[in-house]
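Below: the structure, in structure tokens.
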Amino acid sequence: MELNESIMRTNHPIIISAALLGATTILALGGCKSSTDHYSYKAITTDLTPELQGLAERPVDIDTNIAVVENVNWRLMWGDLGRVWFMDRPSILSPFPTVSTSGQPH
């Protein structure tokens, strides 16, 4: 019994390595089935530029542009509201000199 147990202890890493090598070989040789439909004439001609949504932009580029434009529009809106309510500069009706609070020259 002692001899059999010592053989199993020394062969244990070899058995695991062989099993992993066999599983890797099986997966590499037969794990994935390639489809020739992706390279057919019809598949290519139905969508010549699959990564583009516009003439020269990917969907992520279009989403980024929309986010930037929305951000700028919201910030510009606050400036527009200040001009609508005449809060963008001090009144010129005051007889006293006023200082620009925004730091922007008028």
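The values are calculated or read from the model by the stated rules, or taken from the named source; none is laboratory data. Quick caveat, the model's predicted, so the values are computed rather than measured. Counting neighbours? That spans all protein chains shown, and the Cβs are built from the backbone with ideal geometry, glycine included.
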Inset, instruction - Could you please give the count of residues in region 38-93 that are among the aromatic types (F, W, Y) and in contact with a Pro (Cβ under 6 Å, 6 or more places away or on another chain)? - result: 0
Legend entry - Of all residues in region 41-87 being in contact with a helix residue (DSSP H, G or I) (Cβ under 9 Å, 6 or more places away or on another chain) and acidic (D, E), the one that is surrounded by the most Cβ atoms within 10 Å (Cβ to Cβ): E57
Legend entry - Condition check for G54: of a type in the set (G, A, S), part of a helix (DSSP H, G or I) and modelled with pLDDT under 85: no
